[in-house]
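What follows is a set of notes on a single structure, which appears directly below.
The values are calculated or read from the model by the stated rules, or taken from the named source; none is laboratory data. Owing to the predicted nature of the structure, the values given are computational and were not obtained by experimental measurement. Every residue, glycine as well, gets a Cβ built from its backbone with ideal geometry; the counts of neighbours run over all protein chains shown. SASA here: full protein model, heavy atoms, side chains in, ligands and nucleic acids out. Shrake-Rupley method; radii C 1.70, N 1.55, O 1.52, S 1.80 Å.
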Amino acid sequence: MKISMQLAIAIIDAFTEQTFRGNPAATTLVEKFPEDAQMQQIASEINLSETAFVKPLAPNHFQLRWFTPKQEVPLCGHATLAMAHYLREIKAIATDVPVIFSTLSGDLKISFEDNWIVMDFPAAFYQPCSERSLQILAEVFGDRIYKCLGQSEDYITVVLDSEAAVQDFQPPYDRIAQLDGFGFIITAIADQHQPYDFVSRFFAPKAGIPEDPVTGSAHCSLTPYWAKCLSKNTLIAKQLSARTGDLEVSDHGTRVLLKGKAVTFLRGQIDL
């Protein structure tokens, strides 16, 4: 006998106050996780950069998992923000105390400040890239000015000489997909008189994400770097994708705080 299952789902635009901005993530609350292969199929069908599944463990304590269209990932910022927003909206949590998400990256503490959602994430720091990746970067940028910061966790990061250079960069996805690790970040200091401190873009073509609209996890390494460069513990970051998105980030040594807002775009049902 064929057994059917229905899952409530919402698509949340994260790191924005406006629909059609920020980074959309699919979120679903389940009593029990479907099989891994089925969660991957759902994520592939939805085809957003992340689909998040959460199941309750105790009051205000959940197990959280994230899937790109191609694979499960150990950490995702925008889908965590989206999930916290969704759970608050359906009144599945108390908002006067933190929410704990148990994940592949450890326990993440989420707090609420009015409409803001504050995420406590592990900081990440740069290590030297492989010679192979450095050679690929040299081919990608040619005679343009750039500085490779190295590889942090699964992300290689390059600093460019201006905000315009980040905005105008035309990504060669085939070459980026050959770099080590999961994703590729380009970043620069913001132009003078902007209301933000630094900018970035993020690419992960090998994971089925040509360009991610707003990447919370990328700021786990960008925050310590720019905090040191700019001698500021708290900074405003802007991701220069077509949708754009805004974060407030704070450096706390081995942890970073990522602060943003979210808005619900769609609610529906998955029939399995």
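Mind listing just one residue for me: the one in segment 145-154 that is modelled with pLDDT of 95 or more and more than 11 Å from THR187 (Cβ to Cβ) and, of those, nearest to the chain's Cα centre (by Cα)?
GLN151
Of (1) of a type outside the set (A, V, I, L, M); (2) closer than 24 Å to MET119 by Cβ; (3) surrounded by 18 or more Cβ atoms within 10 Å (Cβ to Cβ); (4) touching a helix residue (DSSP H, G or I) at 6+ places or on another chain (Cβ under 9 Å), LYS206 satisfies all except one. Which?
Among (1) of a type outside the set (A, V, I, L, M); (2) closer than 24 Å to MET119 by Cβ; (3) surrounded by 18 or more Cβ atoms within 10 Å (Cβ to Cβ); (4) touching a helix residue (DSSP H, G or I) at 6+ places or on another chain (Cβ under 9 Å), the lone unmet condition for LYS206 is (2).
Each row is one residue, and each column tells you yes or no for (1) part of a helix (DSSP H, G or I); (2) modelled with pLDDT under 95; (3) closer than 17 Å to GLY245 by Cβ; (4) not hydroxyl-bearing (Ser, Thr, Tyr).
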position: LYS2; (1), (2), (3), (4): no, yes, no, yes
position: ILE12; (1), (2), (3), (4): no, no, yes, yes
position: PRO24; (1), (2), (3), (4): no, no, yes, yes
position: ALA37; (1), (2), (3), (4): yes, no, no, yes
position: GLN40; (1), (2), (3), (4): yes, no, no, yes
position: LEU57; (1), (2), (3), (4): no, no, no, yes
position: PHE62; (1), (2), (3), (4): no, no, no, yes
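Specify the residue that is most open to solvent (accessible area, probe 1.4 Å); the eligible residues are those in segment 112-141 that are outside any helix (DSSP H, G or I) and among the acidic types (Asp, Glu). Don't jump to the end; show me each part of the working.
As a first pass, look at segment 112-141 and keep what is outside any helix (DSSP H, G or I): 112-130.
With among the acidic types (Asp, Glu) added as a condition, the list becomes 113-114, 120.
Numbers: GLU113: 86, ASP114: 145, ASP120: 32 Å².
Per the criteria, the residue is ASP114.
Looking only at residues that are in contact (Cβ under 8 Å) with a residue 40 or more places away in the chain and either among the hydroxyl-bearing types (Ser, Thr, Tyr) or in contact with a Gly (Cβ under 7 Å, 6 or more places away or on another chain) (or both) in segment 155-182, which one is nearest to LEU222 (Cα to Cα)?
So, considering only residues that are in contact (Cβ under 8 Å) with a residue 40 or more places away in the chain and either among the hydroxyl-bearing types (Ser, Thr, Tyr) or in contact with a Gly (Cβ under 7 Å, 6 or more places away or on another chain) (or both), the one nearest to LEU222 (Cα to Cα) is THR157.
So, of the residues in segment 96-111 that are part of a strand (DSSP E or B) and without any contact (Cβ under 8 Å) to a residue 24 or more places away in the chain, which turns out to be surrounded by the most Cβ atoms within 10 Å (Cβ to Cβ)?
SER111
Could you grab me the full set of residues in segment 133-162 that are out of contact with any Asp or Glu (no Cβ under 6 Å at 6 or more places or on another chain) and small (Gly, Ala, Ser)? Reasoning before the result, please.
Step one: of segment 133-162, the residues out of contact with any Asp or Glu (no Cβ under 6 Å at 6 or more places or on another chain) are 134-144, 146-162.
Scanning segment 133-162 gives ALA138, GLY142, GLY150, SER152, SER162.
Of all residues in segment 45-55, count the ones that are loosely packed, with under 15 Cβ neighbours inside 10 Å and part of a helix (DSSP H, G or I).
Going through segment 45-55 one residue at a time, the tally reaches 1.
Considering only segment 210-232, state which residues are of a type in the set (A, V, I, L, M) and open to solvent by 10 Å² or more (accessible area, probe 1.4 Å). Walk me through it before giving the result.
The first filter runs over segment 210-232 and keeps only residues of a type in the set (A, V, I, L, M), leaving 214, 218, 222, 227, 230.
Within segment 210-232, just LEU230 meets the criteria.
Would you pick out the residues in segment 157-179 that are open to solvent by 20 Å² or more (accessible area, probe 1.4 Å), closer than 10 Å to LYS206 by Cα and within 20 Å of the chain's Cα centre (by Cα)?
Result: TYR173, ALA177.
Condition (residue is polar (S, T, N, Q) and without any contact (Cβ under 8 Å) to a residue 60 or more places away in the chain) applied to segment 74-93: is it met by at least one residue?
Going residue by residue through segment 74-93, those that are polar (S, T, N, Q) are 80.
If we keep only those that are without any contact (Cβ under 8 Å) to a residue 60 or more places away in the chain too, we end up with none.
There is no residue in segment 74-93 that is polar (S, T, N, Q) and without any contact (Cβ under 8 Å) to a residue 60 or more places away in the chain.
I need a count of the residues in segment 59-106 that are on the phi > 0 side of the Ramachandran plot and of a type in the set (A, V, I, L, M).
Keep residues of segment 59-106 that are on the phi > 0 side of the Ramachandran plot, which gives 60, 91, 106.
Keeping just the survivors that are of a type in the set (A, V, I, L, M) gives none.
Selection size over segment 59-106: 0.
When segment 64-93 is examined, which residues are found to be part of a loop (DSSP other than H, G, I, E, B), of a type in the set (A, V, I, L, M, F, W, C) and in contact with a Gly (Cβ under 8 Å, 6 or more places away or on another chain)? Walk me through how you get there before you give the answer.
First pass over segment 64-93, keeping only residues part of a loop (DSSP other than H, G, I, E, B): 68-71, 74-76, 90-93.
So of that shortlist, the ones also of a type in the set (A, V, I, L, M, F, W, C) come out as 75-76, 90, 92-93.
Selection gives CYS76 alone.
For segment 180-194, give me each residue that is surrounded by fewer than 18 Cβ atoms within 10 Å (Cβ to Cβ) and either hydroxyl-bearing (Ser, Thr, Tyr) or under 14 Å from ALA207 (Cα atoms) (or both).
Residues of segment 180-194 that are surrounded by fewer than 18 Cβ atoms within 10 Å (Cβ to Cβ), as a first pass: 180-181, 191-194.
Scanning segment 180-194 gives ASP180, GLY181.
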